[in-house]
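Chemist: Pasting in a structure now, in structure tokens, and then I'll have a few things to ask.
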Amino acid sequence: MSYVDEALERVIAQNPAQPEFHQAVKEVLESLRVVIEADEEKYRKEALLERLTTPERAILFRVPWVDDKGQVQVNNGYRVQFNSAIGPYKGGLRLHPSVNLSIIKFLGFEQVFKNSLTSLPIGGGKGGSDFDPKGKSDREIMAFCQSFMTELFKYVGADTDVPAGDIGVGAREIGYLYGQYKRITGLYEGVLTGKGLSYGGSLVRTQATGYGLVYLTSELLKCHGTSLEGKTVSVSGAGNVAIYAIEKAQQLGAKVVTCSDSTGWIYDPEGIDVGLLKDVKEVRRARLTEYKKRRPSAVYTEGRGVWSVKVDVALPCATQNELHLEDAKALVANGVYAVCEGANMPTTLEATQFLQENGVLFVPGKASNAGGVATSALEMSQNSERLSWSAEEVDAKLKDIMINIYHNIDNASKKYGMEGNYVAGANIAGFLKVVNAMEAQGIV
Ligand code: NDP
Ligand code: 2IT
């Protein structure tokens, strides 16, 4: 049996009931086949794939907190420190009822390759909890965050592990987590990114994932002789990534006609009103039905369906496995030209394959959504030198990083004989840097 197949079998056998983790590993290892098979005995002897797919450390902890009725609640807390070969662990914290070890491990594994692609010195990690922030009071959110950090502080630090936001974690949560870390440790250091501007945050970090996604998409289109100008775009999600992807796509002349949340989706033929969307989601924390109420041109549909709209470019920005095979078929039937992932692993393996086989330009999240973590690394640099850069400076660096990522994955796809397969290009380019660092550091 080939070493790649052996490694894949081992991951599935040793990590039962972790389907998302299996899926992420499968996608990466399949892409690496060509690299591994060129020097299979060496990699097998050094157990490289076993080390790459086993987290350096996975921390699981109890998070007790008291709700507004005086009832004690208990949630599961996680931090998976996956790989520190190229820098301190870096990656977000997710607060969502679906969070479990499989999801945190898939996200941590993806983060290793993504962070490598940014070209900045950051290793990969991820964490979170099955706590559901929806409908909680500010005091309940604070109580949860303080309890979460009261355990997490033992394992994180500006030079060891630097968490940030993800689903359900934005500026409010980062503030409460930071305050508790400082209170316990007495350290005013860059232990978290995505901080508020008044206490060490970076300009453009809020916008960075969505803007970065659109910068990369723009470069992709430019290199194929076209642009976003005049294109129709669908976006899923209505959170941090979706909102700023919509904003930047519109600034570059595209018409974005959809967004969605976990209850339904909006079709707005006049183009999404991003100011209204921000008010509904960032200020009021309301449902998309509220957007519909205030926007006569919008059609709201309960449930799934965002990929049924005819568009040139689709940007999935909500969550994992939200774009299924039947959605890919609908997009292809409607003539979609490019799909670039803003979320982590939003497209199932079958849907990805279908899009690629039908000539759709497809860029995986670990390349196209890397602008968020890249700007987090820029926040770390600013914290280290105790300075703040201007918005123009951060934005210019973000744009450069995204353009560079596109060319890096494009070149890797060409070098390994899979031109235009950006999944393979991203996995191989991300892998080569991590492996180089792992091999240089010996068996650790
Ligand atoms: P937010 O919490 O700000 O927004 C998430 C959005 O996705 C919401 O509209 C939410 O709807 C929707 N959503 C979440 N879960 C589901 C679900 N199970 N079914 C349908 N819709 C769902 O998160 P972000 O925008 O930060 O994250 C979105 C994606 O981008 C995630 O995959 C995240 O890992 C990834 N990402 C985020 C980065 C960042 O910097 N924030 C960086 C790189 C990737 P509702 O409000 O109804 O729950
Ligand atoms: O998935 C991701 O890259 C993030 N949620 C951002 C991580 C970070 O450290 O900024």
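Chemist: How many residues, within segment 261-280, are acidic (Asp, Glu), open to solvent by 30 Å² or more (accessible area, probe 1.4 Å) and under 20 Å from residue 231 (Cα atoms)?
Modeler: Total satisfying the criteria: 2.
Chemist: Can residue 336 be described as over 25 Å from the mean Cα position of the chain (by Cα), aliphatic (A, V, I, L, M) and either under 30 Å from residue 222 (Cα atoms) or open to solvent by 10 Å² or more (accessible area, probe 1.4 Å) (or both)?
Modeler: Taking the combined requirement at face value, the residue does not satisfy it.
Chemist: Another one. List the helices (runs of 4 or more DSSP H) inside segment 277-374, counting only whole elements, that have at least 3 residues being at pLDDT 95 or above and within 16 Å of ligand 2 (Cβ to nearest atom).
Modeler: Once the helices (runs of 4 or more DSSP H) in segment 277-374 are filtered for at least 3 residues that are at pLDDT 95 or above and within 16 Å of ligand 2 (Cβ to nearest atom), what remains is 365-368.
Chemist: Could you list all residues from segment 117-147 that are open to solvent by 10 Å² or more (accessible area, probe 1.4 Å) and in a helix (DSSP H, G or I)?
Modeler: Hits for segment 117-147 are 138, 139, 140, 142, 143, 146, 147.
Chemist: Pairs under 7 Å by beta carbon, first residue among the hydroxyl-bearing types (Ser, Thr, Tyr) in segment 230-245, partner open to solvent by 30 Å² or more (accessible area, probe 1.4 Å), six or more apart or different chains?
Modeler: Sorted first by the residue in segment 230-245, then by its partner, the pairs are 232/255; 232/312; 236/318; 244/207.
Chemist: A follow-up question, please. Restricted to segment 340-370, and to residues that are away from ligand 1 (no atom under 11 Å from the Cβ) and acidic (Asp, Glu), which residue is least open to solvent (accessible area, probe 1.4 Å)?
Modeler: The selected residue is 350.
Chemist: Any residue in segment 35-57 that is of a type outside the set (S, T, N, Q) sitting within a Cβ distance under 6 Å of a residue that is not in a helix (DSSP H, G or I)? List the pairs, counting only those 6 or more apart or interchain.
Modeler: Correct list of pairs: 55/80; 55/82; 56/81; 57/81.
Chemist: Please specify each residue of segment 197-251 satisfying the condition of being open to solvent by less than 10 Å² (accessible area, probe 1.4 Å), part of a helix (DSSP H, G or I) and more than 16 Å from ligand 1 (Cβ to nearest atom).
Modeler: Hits for segment 197-251 are 220, 221.
Chemist: Now a separate question. Which condition number in (1) farther than 24 Å from residue 119 by Cβ; (2) open to solvent by 70 Å² or more (accessible area, probe 1.4 Å); (3) modelled with pLDDT of 95 or more is the one that residue 1 fails?
Modeler: Among (1) farther than 24 Å from residue 119 by Cβ; (2) open to solvent by 70 Å² or more (accessible area, probe 1.4 Å); (3) modelled with pLDDT of 95 or more, the lone unmet condition for residue 1 is (3).
Chemist: Moving on to the next point. Consider residue 337 carefully, then state whether it is touching a strand residue (DSSP E or B) at 6+ places or on another chain (Cβ under 7 Å), more than 15 Å from ligand 1 (Cβ to nearest atom) and among the hydroxyl-bearing types (Ser, Thr, Tyr).
Modeler: It is true that residue 337 is touching a strand residue (DSSP E or B) at 6+ places or on another chain (Cβ under 7 Å), more than 15 Å from ligand 1 (Cβ to nearest atom) and among the hydroxyl-bearing types (Ser, Thr, Tyr).
Chemist: Take residue 174 and tell me if it is among the aliphatic types (A, V, I, L, M), in contact with a Phe, Trp or Tyr (Cβ under 7 Å, 6 or more places away or on another chain) and in a helix (DSSP H, G or I).
Modeler: On the way: among the aliphatic types (A, V, I, L, M): yes; in contact with a Phe, Trp or Tyr (Cβ under 7 Å, 6 or more places away or on another chain): no; in a helix (DSSP H, G or I): yes.
Criteria not met by residue 174.
Chemist: Further question on the same structure: Within the set of pairs 6+ apart or on separate chains, which have a first residue in segment 371-393 that is open to solvent by 40 Å² or more (accessible area, probe 1.4 Å), a second that is of a type in the set (Asp, Glu) and within 16 Å of ligand 1 (Cβ to nearest atom), and C-beta atoms under 6 Å apart?
Modeler: Cβ pairs passing all conditions: none.
Chemist: How many residues are under 18 Å from residue 215 (Cβ atoms) and more than 16 Å from ligand 2 (Cβ to nearest atom) when one looks only at segment 375-389?
Modeler: Looking only at that region, the number is 1.
Chemist: Next question. Being under 21 Å from the mean Cα position of the chain (by Cα), over 19 Å from residue 122 (Cβ atoms) and surrounded by fewer than 23 Cβ atoms within 10 Å (Cβ to Cβ) is the filter here, so list the residues in segment 151-172 that pass it.
Modeler: 168, 170, 171, 172
Chemist: Please go through segment 147-197 and pick out each residue that is in contact with a helix residue (DSSP H, G or I) (Cβ under 6 Å, 6 or more places away or on another chain), of a type in the set (S, T, N, Q) and without any contact (Cβ under 8 Å) to a residue 60 or more places away in the chain.
Modeler: Across segment 147-197, the qualifying residue is only 180.
Chemist: Here is a check on your reading of the model: is residue 114 part of a helix (DSSP H, G or I) and either among the charged types (D, E, K, R) or within 16 Å of ligand 2 (Cβ to nearest atom) (or both)?
Modeler: yes
Chemist: I would also like to ask the following. Regarding segment 60-67, can at least one residue be identified that is touching an Asp or Glu at 6+ places or on another chain (Cβ under 6 Å) and modelled with pLDDT of 95 or more?
Modeler: Checking segment 60-67: at least one residue is touching an Asp or Glu at 6+ places or on another chain (Cβ under 6 Å) and modelled with pLDDT of 95 or more.
Chemist: Only residues in segment 317-329 that are open to solvent by 50 Å² or more (accessible area, probe 1.4 Å) count as the first member; pair them with residues that are not in a loop (DSSP other than H, G, I, E, B), Cβ under 7 angstrom, at least 6 apart or cross-chain, and list the lot.
Modeler: Qualifying pairs under 7 Å: 324/351; 325/350; 325/351; 325/354; 329/354.
Here is a yes/no grid of residues against (1) away from ligand 1 (no atom under 16 Å from the Cβ); (2) without any contact (Cβ under 8 Å) to a residue 12 or more places away in the chain; (3) open to solvent by less than 20 Å² (accessible area, probe 1.4 Å); (4) part of a strand (DSSP E or B):
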residue	(1), (2), (3), (4)
70	yes, yes, no, no
81	yes, no, yes, yes
85	yes, no, yes, no
93	no, no, yes, yes
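Chemist: Please determine, by comparing only the residues of segment 410-425 that are under 21 Å from the mean Cα position of the chain (by Cα) and in contact (Cβ under 8 Å) with a residue 60 or more places away in the chain, which one is most open to solvent (accessible area, probe 1.4 Å).
Modeler: Within segment 410-425, the match that is most open to solvent (accessible area, probe 1.4 Å) is 421.
The values are calculated or read from the model by the stated rules, or taken from the named source; none is laboratory data. Treat the numbers as computed from the prediction; the structure is a model and nothing was measured. Note that each Cβ is placed from the backbone with ideal geometry, even for glycine, and that neighbours are counted across all protein chains shown. The accessibility values were calculated without ligands, DNA or RNA, using every heavy atom of the protein model including side chains. Shrake-Rupley method; radii C 1.70, N 1.55, O 1.52, S 1.80 Å.
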